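Everything below concerns the one structure shown next.
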């Protein structure tokens, strides 16, 4: 299959790549750009482990064609940290034990990050709705909600100072 030359903007940097027209964003992120935080879970958009942000919206990279992302801003879990400092949700997942095996964690964090950008103090129902595209097979979600609530408090404290 003939490759196409594209410019892909990922985590604030532009990458010129030759990709096959049918390559998924997940494959390009992991194999070409060595951004392995997004995970391959299901390949049919049912688990959310591959969630990334495209123009700020959570999208499933396992079913998204790379060529369709050319003029868009893509953010991966690696791109949430700023100047070497973890985002609040990243810190609090660690502090609260929000991850069990950790496989689904990046996808959850990307969905939560999007939610907090839209709704700084979401209700439990809003959190549940935002996470409805993500699955975890290891936990009862209690620690995840604790991490999310701690991240909300940390962000609110940061804004207040």
Practice problem: Compute the relative contact order of the chain as a whole-number percentage, counting only Cα pairs closer than 8 Å that sit 6 or more residues apart in sequence. | Solution: 23 percent
Quiz item: Computed over the Cα atoms of segment 85-161, what is the ratio Rg over Rh, Rh following Kirkwood?
Solution: 0.93
Exercise. Give me 27, 55, 160 ranked fewest to most by other Cβ atoms within 10 Å of their Cβ, as a rough exposure proxy.
Key: 160, 55, 27
Quiz item: Which order results if 142, 19 are arranged by neighbouring Cβ count within 10 Å, fewest first?
Solution: 142, 19
Practice problem: For residue 132 and residue 149, calculate 0.36 nm times their separation in residues minus their Cα-Cα distance, and state this gained length in nm to one decimal. | Solution: 4.4 nm
Self-check item: Between helix 142-160 and the chain: long-axis angle, C-alpha atoms, 0 to 90°, nearest 10
Solution: 90 degrees
Quiz item: Between residue 125 and residue 158, what FRET efficiency comes out of the Förster formula 1/(1 + (r/R0)^6) with R0 = 41 Å and r the beta carbon distance, rounded to 0.05?
Solution: 0.95
Practice problem: Enter the angle in degrees (range 0 to 90, nearest 10) between the Cα long axis of helix 105-118 and the first principal axis of the Cα atoms of the chain, meaning the one along which they spread out most. | Solution: 70 degrees
Quiz item: The list [x] 28, 17, 16; [y] 28, 17, 13; [z] 25, 21, 14 gives values of semi-axes √(5λ) of the Cα gyration tensor in Å, and only one came from this structure; which label was calculated from it?
Solution: [y]
Quiz item: Evaluated at 37 °C with a viscosity of 0.692 mPa s, what Stokes-Einstein diffusion coefficient in µm²/s does segment 1-69 have when Rh comes from the Kirkwood expression over alpha-carbon pairs?
Solution: 271 µm²/s
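Just so you know, all these numbers are worked out from the coordinates, no wet-lab data involved. Just so we're clear, the structure is a prediction, and the values are computed from it rather than from any experiment. When we count neighbours, we look across all protein chains shown, and the Cβ atoms used for this are built from the backbone with ideal geometry, even at glycine.
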